Amino acid sequence: MGYKSIFPFFARAARHVRLRRWRQARDLRAWTAIGLGLVITAAAALFIAHLETRAVDDNERSLGGLATVLADQADRALQAIELVQDAVLAEFRQAGIADGAHYAEAASRPSMHTALKTWIAALPQANAITLVDRTGQLLNFSRYWPIPSVNIADRDYFKALSADPTLQRYVGRPVPNRGDGAWTIYIARKVAAPDGTFLGLILGAVELSYFESLYDQIAPADDAVVSLFRNDGMLLVRHPHREGTIGRIFPSAGASLITARAAQGGVLRTVSPIDGQDRLIAAHALKNYPLVLSISRTAEACLAAAHQQATIVGVAAFLLDLGLLALVLLGRRQARAQDQLAQAEAAWPGRGASAASGRCGSRTPGSASPSTTWSRACACSTGTTPSSS
C-alpha cells in the first residue's frame, strides 16, 4: 500500500519534468527561428548591397573602356586632318615662302585648290581645309572655286594664334560655318615665316554632325550621352544634341571634375549640370589634343537590373521570415494548448482521490458494519475483492 500511495507523486514529477523539457525545447526552437530570420534578413541586405556595388563596378568598367576607345578614335580622326595640314605646310616650306605677300600668292593658286580637294577626299570627318592670311581673309579652301570673300579675324582661334607667338595649334569653339551654316569645329594650325613672323592659318573644319552620327551608332543605350569637351570645360559635341549647350563652358561637368582629379581620365558618379540627371560618367583625355571625351549613363538605368534582382531577393527573404514567424506563432499556440492539458492532468488526480475517498469512506444509516466498510475501502484502494463475513 505504501508503494501505491507514492506512485502518483512520481507520476506527477515525471510529467513536470517532461513538461519542462518540452518547454525548453519549444523556447529553443522559437529562438532558433528568430535567429534564422535575422540571418536571412542580414544575408538578403548584404546581397542586395553587393548587387548594387557590382552593377556600379560593371558599368564603370564598361563605360571606362568605351570612353578609351572613343577617345582614341577622335584623336586619330583629328590627326588625319592634321596630316593634310602638315602636307600644306611642307608645300610652303619647299616653296621657300618667307613673307606675307609670297604666302598669299602661293596659297591663292587654283593648283592649291585642286590639291586641297584631293587631300581631303579620303577624310569623311573633314568638311573643308581652309587657308587664311594674317588679316583673317580667306585665300583658298577645298569646297569650291572661285573663293568667296570671307574674313575670320573675329574667331577665337585666329585671335589666339595671331597673338601668341609660342602657340602653334588651337581647337576653336563650335560656330556656324560661314559657308553653309553647319555647326563646325576648327582645328587651326599656324603658318609662320622662317623668322617666326605670323603669316596666316591652315584650318581643318569638322562638322558636329560627323561625330553626332558616329556616336549615335556607338551609344550603348538610349540613356547614354557621348560628349567631347575642350580641356577648359567647353562642350564641343554632344549626342544626343541638346539645344543651347554647344559652345558653353561647364566647369562642374563630369569630364571637368574627372580630369581635374586625374589628367588621363577616370570614372565618377555625379549629377550632370546639362540635363540634371544622376549619371555614371567615364572620361578619357585625347593623347594629342586638349580635348576630353566622356560617355555617361543614368544611374537609374545602370542599376535597373540590380534593383529588379534586389526586389526578388527582398520578397523571398520577407516570405521566408513570414513563414518562420508563422511557425513560431503556431508553436506558441501549441504550447498554450499543452500547458492547458498539463494543468488539467495535474488537477485530475486530486479530484479523483476526493471522489474515491467520499465513495469508500461514507456510511449511511442501515449500511454495513464498520469492519465491512473498511474492507470495502481497502478493496477500493487495493483493487481486491473483500471476503464475505
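The values are calculated or read from the model by the stated rules, or taken from the named source; none is laboratory data. Since we're looking at a predicted model, the values are computed, not measured. Here the Cβ is made from the backbone with ideal geometry for all residues, glycine too, and neighbour counts use every protein chain on show. To get the accessible areas, we keep the full protein, side chains included, count just its heavy atoms, and leave off ligands, DNA and RNA. Shrake-Rupley method; radii C 1.70, N 1.55, O 1.52, S 1.80 Å.
Quick one: if you stick a label point 7 Å off each Cα along the C-beta vector at Thr41 and Arg178, how many nm between them?
Going by the 7 Å Cα→Cβ label model, 7.3 nm.
Using a 1.4 Å probe on the protein heavy atoms only, what accessible surface does Met112 show? Give it in Å² to the nearest 10.
Its heavy atoms expose roughly 20 Å² to the probe.
Using the beta-carbon distance between Ala95 and Ala160 and R0 = 35 Å, what value does 1/(1 + (r/R0)^6) give for FRET efficiency, to the nearest 0.05? If you can, show how the numbers build up before the last one.
Values: r = 26 Å, r/R0 = 0.75.
Taking R0 as 35 Å, the efficiency between Ala95 and Ala160 is 0.85.
Run the simple label-point estimate for Thr270 and Asp72 please: 7 Å along Cα→C-beta, distance reported in nm.
Each label point lies 7 Å from its Cα, and together they span 2.6 nm.
Multiply the residue separation of Gln277 and Ala305 by 0.36 nm, subtract the distance between their alpha-carbon atoms, and state the gained length in nm to one decimal.
On the way: separation 28, 0.36 × 28 = 10.08 nm, distance 1.85 nm.
Extra length from Gln277 to Ala305 when fully extended: 8.2 nm.
Nothing charged except the Cβ atoms of Lys and Arg (+1) and of Asp and Glu (-1): what's the magnitude of the dipole of the stretch 224-332 about its Cα centre? Round to the nearest 20 debye.
On the way: 10 positive and 6 negative charges, 56 e Å.
The calculation lands at about 280 debye.
Quick one: accessible area per residue over the stretch 226-291, 1.4 Å probe, rounded to a whole number of Å²?
Using a 1.4 Å probe on heavy atoms only, each residue of the stretch 226-291 averages 43 Å².
Which three extents, in angstrom, do the Cα atoms of the stretch 153-281 have along their principal axes, listed largest first?
52, 36, 23
What does the accessible area of Lys117 come to, in Å² to the nearest 10, when a probe of 1.4 Å is used?
100 Å²
Considering only protein heavy atoms and a probe of 1.4 Å, how much of the accessible area of the stretch 68-197 is carbon and sulfur, as a whole percent?
55 percent
For the full complex of protein chains and a 1.4 angstrom probe, list Asp180, Asp86, Asp223 by accessible area with the highest value first.
If we order Asp180, Asp86, Asp223 from most to least accessible, we get Asp180, Asp86, Asp223.
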